[in-house]
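Working notes, beginning with the structure itself.
The values are calculated or read from the model by the stated rules, or taken from the named source; none is laboratory data. What you see is a predicted model, and the numbers here were worked out from it, not measured in a lab. For neighbour counting, all protein chains shown are included, and Cβ atoms are generated from backbone atoms with ideal geometry for every residue, glycine included. Side chains included, ligands, DNA and RNA excluded: accessible areas come from the protein's heavy atoms. Shrake-Rupley method; radii C 1.70, N 1.55, O 1.52, S 1.80 Å.
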Amino acid sequence: MKLDHVVYFTQNSPVEVVRRQAEEGRHAVEGGRHEKWGTHNALLYVGNAYVEWLAVEKPELASQVDHPLTRLLLYDLPDGEGWGTLCLSVEGIEEFQEEVENKGFQTSGVLEAQRRTAQGELKKWKMLFIDQPVTDELPYPFFIEWDEPEDVRMEKLKKEGALSPENEKLDIRECIFHVQDPLKETGEWAVLLSQKVGDDHSIRLENVKLSFHQQDEGKERLADVIIGKTEA
């Protein structure tokens, strides 16, 4: 299990996100459309994961679909742009679903998903969400299994120019969550993910550190993502 991507909720179109990132010296690309959900995205790939800027493209469709990430996006956007949640990749997502349900978690069941790229290519994957109401409380991560092996997918991203040589030298190091009870949240996530808890209310996955910091009021959300250069 490892970090696949982090999700930032935005009012801006993918074209605008790519333009603004370029102005700041970062190489992002248009991701494409989630045609069934009424959303679209821009993406910034780094060596170990990627950042997704998720926006509503078709409000009428987005407001009608029963999709957990879309519901969270619509709930959070009225309060302004910001980090929403993160996605972890797993192998054998059906078996993983059975594992977490045996721990007492209710799930969405494995969902088939796809995105139409700006070039017209259809990218496919499977998703799994933990059932929970959309509130100000911290959402659990969601899970993904891509339709292609990771090495094939990464080579395609390089050939397409989505993963640039400069971006490949960057990694997402740490994801920081602001929560009211770090001890409680870290414990619940550790059970869900079958991981150990660090002394500083953190969980170390294969390619990222998840840290839970105390915040006395406001929404409990992913609050900061630390990106740094990989070690030579």
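Checking Gly198 against (1) open to solvent by 40 Å² or more (accessible area, probe 1.4 Å); (2) over 16 Å from Tyr140 (Cβ atoms); (3) not polar (S, T, N, Q), which test does it fail?
(1)
Given (1) surrounded by 17 or more Cβ atoms within 10 Å (Cβ to Cβ); (2) out of contact with any Phe, Trp or Tyr (no Cβ under 7 Å at 6 or more places or on another chain); (3) under 26 Å from Trp125 (Cβ atoms), where does His178 come up short, assuming only one miss?
The single condition His178 does not satisfy is (3).
For residues in the range 156-175 being of a type in the set (Lys, Arg) and without any contact (Cβ under 8 Å) to a residue 12 or more places away in the chain, which is most open to solvent (accessible area, probe 1.4 Å)? Write out each step before concluding.
Quick first cut of the range 156-175, residues of a type in the set (Lys, Arg) only: 156, 158-159, 169, 173.
Keeping just the survivors that are without any contact (Cβ under 8 Å) to a residue 12 or more places away in the chain gives 156, 158-159.
On the way: Lys156: 71, Lys158: 78, Lys159: 176 Å².
Among those that are of a type in the set (Lys, Arg) and without any contact (Cβ under 8 Å) to a residue 12 or more places away in the chain, it is Lys159.
With the structure loaded, tell me whether Lys159 is part of a loop (DSSP other than H, G, I, E, B), more than 30 Å from Tyr75 (Cα to Cα) and modelled with pLDDT under 95 or whether it fails that test.
Taking the combined requirement at face value, the residue does not satisfy it.
Within the range 16-133, considering only strands (runs of 3 or more DSSP E) that don't extend past its boundaries, which have at least 2 residues that are of a type in the set (Gly, Ala, Ser) and open to solvent by 10 Å² or more (accessible area, probe 1.4 Å)?
82-89
Return only the number of the condition from (1) in a loop (DSSP other than H, G, I, E, B); (2) farther than 13 Å from His5 by Cβ; (3) out of contact with any Pro (no Cβ under 7 Å at 6 or more places or on another chain) that Glu145 does not satisfy.
Glu145 satisfies all of (1) in a loop (DSSP other than H, G, I, E, B); (2) farther than 13 Å from His5 by Cβ; (3) out of contact with any Pro (no Cβ under 7 Å at 6 or more places or on another chain) except (1).
Among the listed residues Ser211, Ser202, Ser164, Ser194, identify the single one that is out of contact with any strand residue (DSSP E or B) (no Cβ under 9 Å at 6 or more places or on another chain) and not acidic (Asp, Glu).
On inspection, the qualifying residue turns out to be Ser194.
Testing Ile203 on (1) more than 27 Å from Glu30 (Cβ to Cβ); (2) surrounded by fewer than 16 Cβ atoms within 10 Å (Cβ to Cβ); (3) out of contact with any His (no Cβ under 8 Å at 6 or more places or on another chain); (4) not aromatic (Phe, Trp, Tyr), one condition comes back false. Which one is that?
Answer for Ile203: the failing condition is (2).
When the range 189-232 is examined, which residues are found to be within 18 Å of Leu170 (Cα to Cα), in contact (Cβ under 8 Å) with a residue 24 or more places away in the chain and part of a loop (DSSP other than H, G, I, E, B)?
Kept after step one, since they are within 18 Å of Leu170 (Cα to Cα), are these residues of the range 189-232: 205-210, 224-232.
Imposing the further condition that a residue be in contact (Cβ under 8 Å) with a residue 24 or more places away in the chain reduces the set to 205-210, 224-230.
Correct list: Leu205, Glu206, Asn207, Val208, Thr230.
How many residues does the range 68-80 hold that are out of contact with any strand residue (DSSP E or B) (no Cβ under 6 Å at 6 or more places or on another chain) and over 25 Å from Glu145 (Cα atoms)?
Summing the residues that are out of contact with any strand residue (DSSP E or B) (no Cβ under 6 Å at 6 or more places or on another chain) and over 25 Å from Glu145 (Cα atoms) in the range 68-80 gives 4.
Step by step: first the residues of the range 138-155, then only those that are surrounded by 14 or more Cβ atoms within 10 Å (Cβ to Cβ) and either at pLDDT 95 or above or over 18 Å from the mean Cα position of the chain (by Cα) (or both), then the one that is farthest from Leu77 (Cα to Cα). Which residue is that?
Glu145
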